[in-house]
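Worksheet for the structure shown next.
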Amino acid sequence: METWKKYVMDELYLTIGYLEENLSNIELLRINDTYYLLYSVKKASGKIRYYAGGNPQDSVVESNLQNVWNKIPQSIRCFYENVHNGFYDYACKAMGLVRTSDITYVRDNEWEWGILEDLEEDLQIDMESTYGFFSNMMGTYVAVDIMNCDIDSATLWSAKGQPKYHLNFWDVVDEWIKIGMED
C-alpha cells in the first residue's frame with residue numbers, strides 16, 4: 001500500500017483505507033504475457049472479492065491514447081504510470097479505473113448515447129476529447145474532457161440518464177471503488 005499512499009493518497013484515501021482494513025492477500029497473476037496484481041478483498045459478509053491492478057509499465061504502451069497522453073490530467077496519469085494500469089473488479093472488469101486499452105473514447109460510442117437526443121440542457125463536453133476512465137459496467141462512466149476540463153470538472157456520463165457535470169473526478173471514483181468493494 002506504500003506505492004498507493006505515495007502517489008494517490010489524497011485522491012483515493014477511501015479506497016486505500018478500505019484496502020488497509022480488508023485486504024487479505026495480493027498475488028501476482030500472469031495471463032498470456034500480461035501481468036497483474038490480484039487483490040483479495042474481504043467483504044463484510046466474509047466473502048472475498050477480487051480486484052486486478054495492471055502493470056503500470058504497460059499503461060501508455062498498450063494505449064491508443066499515446067498522442068494525447070500528455071493532455072490527460074496529471075493525477076490520472078500518475079495513477080496509471082506509477083500505481084496500476086487500471087484497478088477494477090476482476091470478475092466484471094469494471095467498478096474501477098479501467099485499463100488504458102479499455103478507456104472509453106466517448107466519440108467512438110456515440111451510437112450508444114441515445115441520451116444525446118434527450119438532453120435537458122446543452123452538452124457541456126466536447127465528445128471529440130472526452131474519455132471515460134471509470135466504468136460501473138452498466139453504461140455509466142466517469143469521464144474527463146481532456147481539452148476543456150480539469151480534474152474538478154469531470155462528467156458522470158451514462159447511456160441511461162442525464163449527464164452530471166462539474167464533479168471532482170477522484171471524489172466520484174474513490175467513492176464508487178469503495179462501494180464496489182463493500183457491496
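The values are calculated or read from the model by the stated rules, or taken from the named source; none is laboratory data. For clarity, every value in this text was computed on a predicted model and none was experimentally measured. Note: accessible area is taken over every heavy atom of the protein model, side chains too, but ligands, DNA and RNA are not part of it. Shrake-Rupley method; radii C 1.70, N 1.55, O 1.52, S 1.80 Å.
Before moving on, here are some points about what is shown:
- Classified by the C-alpha gyration tensor, the chain has a prolate form. Its axis ratio a/c, with a ≥ b ≥ c, is 1.5 or above, and a/b is larger than b/c.
- Solvent exposure of the stretch 1-89 as accessible area per residue, Å², 1.4 Å probe: 54
- Shape category assigned to the stretch 1-88 from the gyration tensor of Cα positions, a/c cut at 1.5: oblate
- Using a probe of 1.4 Å on the protein chains alone, the accessible area found for His166 is around 120 Å².
- Theoretical ellipticity at 222 nm over the chain - DSSP helices of four or more residues, -39500 (n - 2.57) apiece, nearest 500: -5500 deg cm²/dmol
- Anchor Lys47: lysines whose Cα lies under 28 Å away (excluding residues fewer than 8 positions away in-chain): Lys5, Lys93, Lys178
- 0 to 90° range, to nearest 10: angle between helix 13-22 axis and the chain longest Cα axis: 30
- Between helix 169-182 and the chain: long-axis angle, C-alpha atoms, 0 to 90°, nearest 10: 50
- For the stretch 1-114, the carbon plus sulfur part of the accessible surface works out to 44%, probe radius 1.4 Å.
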